[in-house]
Amino acid sequence: MRYHIWTIGCQMNKADSDKLAAGLERLGLEEAACPEEADLVVLNTCSVRQHAEERAISKLGVLRKLKSRRNFTIAVMGCMVGPRTDDLRRRFPYVDVFTRPQEFDPILEAIGIDGEDVGGEFWPRTFSIPSGPTAYVPVVHGCDKFCSYCIVPYRRGRQRSRPIAEVKEEVEHFVGQGVREVTLLGQTVEAYGHDLPAGPDLADLLRALHDIDGLYRLRFLTSHPRDMADRILRAVAELPKVCQYFSLPVQSGDDGVLERMRRGYTVAEYRQKLDILRGLMPEAAVSTDVIVGFCGETEAEFRHTYDLLAELRFDKVHVAAYSPRPGTIAWRRLPDDVPREVKRERLRAVEELQARIAGEINSTLLGRTVEVLVEEEKGGRLGASARPLGGRTRSGKLVHFGGTHPEPVEGAHPGDLVDVVVERASPWSLQGRLAGAATPRMAGGQPAPERPAGLAAL
Ligand code: SAM
Ligand code: SF4
């Protein structure tokens, strides 16, 4: 039997799909390159914005045509599936099974396998097969925050943290398979452990994973300003393998909008958190998320967001136009009254501002040497000694290098840590050449990054 999985959405969905694939392979199924060749097609969906849902619906249209010609099993998994599926069943009668995020058992049942025999909710011992030197590991499922615009808590449920031992086993598995960088995932990852009996926190988890031999880098996302405790920041600053990279969504720069969004903090509180973070780790990279055109957002309120982004100068901004999500608090109580064209203009304004800021930040790296974890090796045409390689810095910036310096490029492989001198910078990526020998700069498998300045700030 052959399977094909199509995934849309966040890193959590990607991790879920990888886990499902590993489980199916363990049961003897083989991956098919396209739906046409598969006996089981799984669509792992996203419903954070309407556009994501529309993509899944158009894919379902393709599968419907395919199914009229031959029989196969269609499963729809992920955030499009809520607790009640009557409406989905009515709209898509040709789909065999609808299943919520991480609920794999109904898919197995649909292909005649008893889920009881293969594990519980998260298949804790079904580890995915890494496709490179980086991997995602979900550590907190669900979310308890209920921001007024967001569908996630309704689809992924309440917060559930995985025990430290279970996460450690998964990270050790990945490292054993050649993974060198692990990103811990949670919608509010700094709330990790609040729901566990012994009450560990993210700092405890980072310390428990830090000493795994062969692991070079640890990251985590997404942070929520309310959960960002000093203890966690201190652990990030102290632990050399933990990258000083934060994804800290602000969503709006206006207190009235933040209140309507039910984010639970003010602009001043957000600014204060960021000040502490940057005081402790001046080199830290910070990205943020912003929604423009939220219910009732006036020109002045939008201006507050724009000005805040100009002031705080993030490394990256993920900006989205508000998209009402049926069932959420905003959808029930607040009119979606900002015209589509105004949302589009505000989105464009933020994108233009951020392109300028990111370009300026990246150009400060010109001539500097950055540590890059080699992630890709597009061998072939240029010959073995001049391969175009790429990877990311500790701050998550994409770096392309290779091709111009045949000698030093020789010997750089995915999974190596190398030094790259930055020669060109754009808002979206850097380009450079290897600074020296392309062998990992490791002492006994441990990276030796500079110690962050400002450690005394807390
Ligand atoms: N947990 C994170 C947080 O606290 O911001 C982010 C999770 S959310 C799934 C990812 C991003 O999607 C959010 O940061 C937000 O900017 C965007 N998003 C969520 N709901 C949205 C909506 N209804 N319309 C537009 N963007 C939305
Ligand atoms: Fe959604 Fe808010 Fe939870 Fe993030 S914190 S997943 S935006 S409810």
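The values are calculated or read from the model by the stated rules, or taken from the named source; none is laboratory data. Here the structure is a predicted model, which means the values were calculated and not measured. All Cβ positions, even for glycine, are placed from backbone atoms using ideal geometry, and neighbour counts span all protein chains on display.
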Quick test for you: out of GLU172, GLU190, GLU181, pick the one residue that is buried (at least 23 other Cβ atoms within 10 Å of the Cβ), away from ligand 1 (no atom under 16 Å from the Cβ), at negative phi and modelled with pLDDT of 95 or more. GLU181
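Being touching a Lys or Arg at 6+ places or on another chain (Cβ under 6 Å) and either buried (at least 19 other Cβ atoms within 10 Å of the Cβ) or of a type outside the set (Phe, Trp, Tyr) (or both) is the requirement here; does ASP39 meet it?
Yes; evaluated as a whole, the condition is true for this residue.
Within region 271-304, count every residue that is assigned to a helix (DSSP H, G or I) and within 16 Å of ligand 2 (Cβ to nearest atom).
Restricting attention to region 271-304, the residues satisfying the condition of being assigned to a helix (DSSP H, G or I) are 271-280, 299-304.
This time we only want the ones that are within 16 Å of ligand 2 (Cβ to nearest atom), so: 273.
Residues meeting the conditions: 1.
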Based on what the data block shows, is PHE122 crowded, with 19+ Cβ neighbours inside 10 Å, more than 13 Å from ligand 1 (Cβ to nearest atom) and at pLDDT below 95? no
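Within region 323-344, identify whether any single residue is away from ligand 1 (no atom under 16 Å from the Cβ), surrounded by fewer than 21 Cβ atoms within 10 Å (Cβ to Cβ) and either within 21 Å of the chain's Cα centre (by Cα) or not polar (S, T, N, Q) (or both), and answer yes or no. Outline the logic, then answer.
Taking region 323-344 as the starting set, the residues that turn out to be away from ligand 1 (no atom under 16 Å from the Cβ) are 341.
Among the residues that remain, those that are also surrounded by fewer than 21 Cβ atoms within 10 Å (Cβ to Cβ) are: 341.
Subset that is either within 21 Å of the chain's Cα centre (by Cα) or not polar (S, T, N, Q) (or both): 341.
Scanning region 323-344, I find at least one residue that is away from ligand 1 (no atom under 16 Å from the Cβ), surrounded by fewer than 21 Cβ atoms within 10 Å (Cβ to Cβ) and either within 21 Å of the chain's Cα centre (by Cα) or not polar (S, T, N, Q) (or both), so the answer is yes.
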Consider only pairs whose beta carbons are under 7 Å apart and that are at least six residues apart or on different chains; among these, list those whose first residue lies in region 308-322 and is on the phi < 0 side of the Ramachandran plot and among the polar types (S, T, N, Q) and whose second residue is surrounded by fewer than 19 Cβ atoms within 10 Å (Cβ to Cβ) and not in a strand (DSSP E or B). none
Out of the residues in region 213-227 that are in contact with a Pro (Cβ under 8 Å, 6 or more places away or on another chain) and away from ligand 2 (no atom under 11 Å from the Cβ), which is nearest to LYS273 (Cα to Cα)? ARG217
Where a residue in region 68-92 is touching a residue at least 40 places away in the same chain (Cβ under 8 Å) and its partner, wherever it lies, is in a helix (DSSP H, G or I) and hydroxyl-bearing (Ser, Thr, Tyr), with Cβ under 6 Å and at least six apart: none
Could you tell me how many of the residues in region 132-149 are touching a helix residue (DSSP H, G or I) at 6+ places or on another chain (Cβ under 8 Å), small (Gly, Ala, Ser) and assigned to a loop (DSSP other than H, G, I, E, B)? 2
Does any residue of region 151-163 turn out to be in contact (Cβ under 8 Å) with a residue 60 or more places away in the chain and more than 16 Å from ligand 2 (Cβ to nearest atom)? no
